[in-house]
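Presented below is the structure to which this report refers.
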Amino acid sequence: MDFLPDEIQQYLNKHTSEPHELLKDLERETYAKILIPRMIAGHYQGRLLSMISKMIKPKQVLEVGTYTGYSALCFAEGLLDNGYVHTIDVNEELEPFVSKFISKSENKEKIKRYIGKASDIIPTLNEAWDIVFLDADKINYLNYYKLVFDAVKPGGYILADNVLWSGKVIDENEISNDADTKALNEFNKFIQEDNRVENVLLSVRDGIMIVRKL
Ligand SMILES: C[S@@+](CC[C@H](N)C(=O)[O-])C[C@H]1O[C@@H](n2cnc3c(N)ncnc32)[C@H](O)[C@@H]1O
């Protein structure tokens, strides 16, 4: 969901750096071959994630929700030389598609992939996170936040995508009747009241909550 008029979004895209050719191919092929392609981060949001990663220069990034690998490749652009992106997805059918693209990346050795439910895999990862990106099942965002929190470094970041949920989070009817909207609204409220962090909710695309652990 984009909240901005098409013309403004086009202007933003036009004045945002182009991604690498590999990412352009990945976005094109995702739209041609994979179900629900609008889930991909894509050009504009992808450049934002890449820029954030380059600003933070992380050693360890955890991504919950690989999909076709677009955002993982964007985060990998900002890693320190000895850094890794660990990315989890439950959908094993995406595996060959994701492998094909990641294997062509100069950062292929820096991306570690895990297939399975995030709630099973997160507790098995023994890392201290500089960035965690939540972009999987919305109903579990708060569970994932609680699960990863202690392993986020002080001064580290948790980013959560789609927290405006097409604007439904301000609709009381949706909050009462739609489980994802209710969960995202509770997530946003929890973050806002969590005195262990500072946070800003960006209205980029479908809303990105940026949380910094104090
Ligand atoms: C919005 S897409 C991720 C998009 C990707 N981060 C990007 O920007 O290109 C969400 C992904 O989360 C995965 N997913 C959903 N529930 C999950 C779960 N319980 N554990 C792990 N992955 C899950 C889905 O299979 C899907 O590929």
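Net charge dipole, the stretch 6-158: roughly 200 debye, given to the nearest 20, about the Cα centre with Cβ charges of +1 for Lys and Arg and -1 for Asp and Glu. Straight-line cross-link partners of LYS112 among the lysines, defined as a Cα under 30 Å from its Cα and at least 8 positions apart when in the same chain: LYS24, LYS33, LYS54, LYS57, LYS59, LYS100, LYS104, LYS138, LYS146, LYS153, LYS213.
Amide hydrogen proximity for VAL197: with H placed 1.01 Å from N in the peptide plane, the residues at 5 or more positions away or on another chain lying under 5 Å are LEU214. Annotation for the stretch 152-189 versus the stretch 55-133: alpha-carbon center distance of 23 Å. When the Cα positions of LEU62, LEU94, SER166 are compared along the charge dipole of the chain, LEU62 comes out farthest toward the positive end, with charges on each C-beta of Lys, Arg, Asp and Glu.
Across the stretch 123-135, computed HN-Hα scalar couplings (Karplus, 6.51 cos²θ - 1.76 cosθ + 1.60, θ = phi - 60°) run x, 8, 8, 9, 10, 9, 8, 8, 9, 10, 10, 8, 8 Hz from first to last residue, x flagging Gly and Pro. For GLU18 and MET39, the difference between the fully extended length at 0.36 nm per residue and the C-alpha to C-alpha distance is 5.6 nm.
Potential lengthening of the chain between ASN143 and LYS117 amounts to 8.1 nm, from the contour at 0.36 nm per residue minus the alpha-carbon distance. Only helices enter the 222 nm calculation for the chain: every DSSP H run of n ≥ 4 contributes -39,500 (n - 2.57), and dividing by all residues gives -11500 deg cm²/dmol, rounded to 500. Cβ crowding within 10 Å, taken as a proxy for footprinting-reagent exposure, orders HIS20, HIS43, HIS15 from fewest neighbours to most as HIS15, HIS20, HIS43.
Percent of C-alpha pairs per 10 Å bin in the chain, short distances first: 8, 35, 39, 17, 1.
For VAL61, VAL197, the sequence from fewest to most other C-beta atoms within 10 Å is VAL197, VAL61.
Among the trypsin sites (Lys or Arg not before Pro) found in the stretch 98-200, those both in a DSSP coil and sparsely packed, with 12 or fewer other Cβ atoms within 10 Å of their Cβ, are ARG196.
Any read-out appearing in this document is the output of simple, stated calculations on the displayed coordinates, not a laboratory observation. No experiment lies behind these values; they were computed from the predicted model shown. Cβ: placed from backbone, ideal geometry, glycine included. Neighbour counts: every protein chain shown.
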